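Heads up, the thing below is written out as C-alpha cells.
The values are calculated or read from the model by the stated rules, or taken from the named source; none is laboratory data. Keep in mind it's a predicted model, so treat the numbers as computed, not measured. Cβ: placed from backbone, ideal geometry, glycine included. Neighbour counts: every protein chain shown. We work out accessible area using only protein heavy atoms, side chains counted, and drop any ligands, DNA or RNA first. Shrake-Rupley method; radii C 1.70, N 1.55, O 1.52, S 1.80 Å.
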Amino acid sequence: METTTIGFIGLGLIGGSIAKAIRKFHPEYQIMAYNRTKDILEDAVFDGIVDIACTERDTRFALCDYIFLCATVDYNLECLPWLKQTIRPGCILTDVGSVKGEIHKKITALDMAANFIGGHPMAGSEKTGYEHSTDHLIENAYYILTPSEEVGLDKIGNYTELVSSIGALPMILTWEEHDYITACVSHLPHIVAASLVNVVQKLDSPLEHMKTIAAGGFKDITRIASSSPHMWQQICLENPEHISKVLDEYIRLIVQAKYLVDQRDANGLYEMFVNSRDYRNSFSDAPSGPLKKSFTLYCDVVDETGAIATIATILSMNGISMKNIGILHNREFEDGVLKIEFYDEDALAQAAEQLKKRNYIIYER
Ligand SMILES: NC(=O)c1ccc[n+]([C@@H]2O[C@H](COP(=O)([O-])OP(=O)(O)OC[C@H]3O[C@@H](n4cnc5c(N)ncnc54)[C@H](O)[C@@H]3O)[C@@H](O)[C@H]2O)c1
Ligand SMILES: O=C(O)C(=O)C[C@]1(C(=O)O)C=C[C@@H](O)C=C1
C-alpha cells in the first residue's frame, strides 16, 4: 500500500515540531521538506525526520497528500500560485499561521479553496528555528482548523484525524472567529508584554534598579516579549481590526484600574483582583480531550548533581511511585525544572505536599 506523503515548506519551530510529531507517531510516512537554510534540511535528514530534502519549487511536492506551509506568512502566500499548478487534486493544503484571514482571501482569489484547510497550533515559544522544535510542542494543545467553505467533509475528517493522531486537540472554527479570538488571547498579550517591558525601560534610572530587581511576576508576564519581532510585526499588520477592537476594551480596563488607584477605591480594587483571580483559576491548564490526563508536577531544582536523587528519595520514602522523571528546558519555565509524572491524582497530591513541606517550589499544570 502506498504510504502517506507529507510536505513542509519552512521547517522552523512549528514546521519542525509538526514534522517531528508526525515522524514519532507515523514512522512509516514519507516526509519531504524545503527550507531556505540548507543546513537545517541536512540536519533534519540526519535526524531521520525528513526523507527528501527538496529544492525551491520542487516538482516532487506533487506527490504530497498534505502540504504544510510553515515559512513566514509572506513567503507562504508567495508560494500559492506555484502550488496551484503543482499539487495533486486530493492534496490537503494547510498552513500554521497565527492569522487566517489573509491566506483564506488569497486562496479564494486563486480558486484553491477546495484544497485548503487553514491550521493553527495554539502552542509555541519565544524561540524560533528548527533547533528549538520538539516532537511534543503541540502535544495536548488545541489545534485550530479553519476549513474553506468548498473543502469536502472527507478532507476535514482526514485532517482532524491526523491532528489527533499526533497528540493535539483539533477544534474547527471559521477564520473570522479564529482571528477575533486569537486577537484577544494571543495577539493582545504579546502587545501587553512588549509594552510592559518598554515601560520599565522608559522609567528605569541609569542605575537600572528596576531591571535588576524585576522578579518572578514581571518575568512570568513578559516571557513572550522575547518573541520574534518580525513574526509579531506581521501578525499585527495582518489582523489590525480585531487587535484594535480588543485593545480598545483593554485600554478601557486599564483606565478604570488607574481611576480605582487614584480614588483609593479599596472595594473596587479588591473586586478587580477577586474577579481576575477567580476567572483565571477557572481556566483549564490541561485541556481535557481524547488524551489521557497526565498527573504531572514541575519542581524548581538547583542544577547540581544529586538534586534529582534527593527528590526521588523523598518520594520513595513516602511510598509514592513515579512514572517518569526528568529535567525539562521548556518554554514555560525560565530555567530547567524537574518534571515528575505520577500514575494517579492521589500520588500527585501526596508528592506535592511532601515537596512543599521541604520548601521546594512546585508548579502543577
Ligand atoms: N512561534 C510560535 O509560537 C508560533 C505558534 C503558532 C504558529 N506560529 C506561526 O508559524 C509560522 C512560522 O513560525 P515559526 O515560529 O515556526 O518561525 P521560524 O522562524 O522558527 O520558522 C520559519 C522557517 O521558515 C523558513 N523560511 C523563512 N523564509 C523562507 C523562505 N523565503 N523560503 C523558505 N523557507 C523560509 C526559515 O528558514 C525557518 O526555518 C508563523 O507564520 C507563525 O505565525 C508560530
Ligand atoms: O508560548 C508562547 O511563547 C506563545 O506565544 C505561543 C502562542 C501564543 O500563545 O500566543 C504564540 C503565537 C501563536 O500563534 C500561538 C501560540
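If you take every DSSP beta bridge fully contained in the range 5-173, what fraction is antiparallel? Give it as a percent rounded to 5. Counting only bridges with both partners in the range 5-173, antiparallel ones make up about 20 percent. Remark: the residue 264-residue 110 segment gains 49.6 nm on full extension, using 0.36 nm per residue and subtracting the alpha carbon distance.
Here the gap between residue 45 and residue 255, fully extended at 0.36 nm per residue and compared with their Cα-Cα distance, gives a gain of 70.3 nm.
Determine the percent antiparallel among the DSSP beta bridges restricted to the chain, to the nearest 5. Roughly 50 percent of the beta bridges in the chain run antiparallel, per DSSP. The loop-placed GluC sites (Glu not before Pro) in the range 21-70, going by DSSP, that have at most 11 neighbouring Cβ atoms within 10 Å of their Cβ come out as 28, 56. Across all C-alpha atoms in the range 87-147, the radius of gyration and Dmax reach 13.5, 37 Å.
Largest accessible area first, the residues 280, 223 order themselves as 280, 223 under a 1.4 Å probe with ligands, DNA and RNA left out.
So, counting K/R as plus one and D/E as minus one, what does the shell of residues with Cβ under 15 Å around residue 144 add up to?
Surrounding charge for residue 144 is -3.
Modelled label positions at residue 174 and residue 214, each set 7 Å beyond Cα in the direction of Cβ, lie 4.0 nm from each other.
Among the DSSP helices (H) of the chain, those spanning at least 15 angstrom by Cα along their long axis with an average Kyte-Doolittle hydropathy of 1.6 or more are 307-317; this is a geometric and hydropathy rule only. Here r is the Cβ-Cβ distance between residue 278 and residue 230 and R0 is 51 Å; the resulting FRET efficiency, rounded to 0.05, is 0.85.
D for the range 166-272, whole µm²/s, Stokes-Einstein with Kirkwood Rh over alpha-carbon pairs at 4 °C and 1.567 mPa s: what number? Present the calculation step by step, with values, prior to reporting the outcome.
Values: Rh = 16.4 Å.
This corresponds to a translational diffusion coefficient of 79 µm²/s.
Dipole of the chain computed with +1 at Lys/Arg Cβ and -1 at Asp/Glu Cβ about the Cα centre; of 117, 311, 207, farthest Cα towards the positive end is 207.
Binning the alpha carbon pair distances of the chain at 20 angstrom intervals from zero yields the distribution 24, 53, 23, 1, expressed in whole percent.
At 4 °C and 1.567 mPa s, what whole-number value in µm²/s does Stokes-Einstein give for the translational diffusion of the range 5-173, with Rh from the Kirkwood sum over Cα pairs? Answer, rounded: 83 µm²/s. Entry note, the chain: the mean residue ellipticity at 222 nm calculated from DSSP H runs of n ≥ 4, each adding -39500 (n - 2.57), is -14000 deg cm²/dmol after division by the residues and rounding to the nearest 500.
Residues of the chain: accessible area per residue at 1.4 Å, in Å²?
Accessible area per residue, the chain: 56 Å².
Pairs over the 32 Å Cα-Cα cut-off, from the set 24/127; 38/100; 202/245; 127/339; 24/211: 24/211. When 323, 100 are compared by accessible area at a 1.4 angstrom probe, the order from most to least is 323, 100. The calculated P(r) of the range 84-237, using every Cα pair and 10 Å bins from 0, goes 10, 32, 31, 16, 8, 3, 0 in percent. The modelled label-to-label distance between residue 127 and residue 207, using points 7 Å beyond Cα along the C-beta direction, is 3.6 nm.
As a test of reading the structure, rank 47, 300, 179, 204 by solvent-accessible area (1.4 Å probe, protein chains only), most first.
47, 300, 204, 179
Using a 1.4 Å probe on the protein chains only, how many percent of the accessible area of the chain belongs to carbon and sulfur? In the chain, the share of accessible area belonging to carbon and sulfur is 55 percent.
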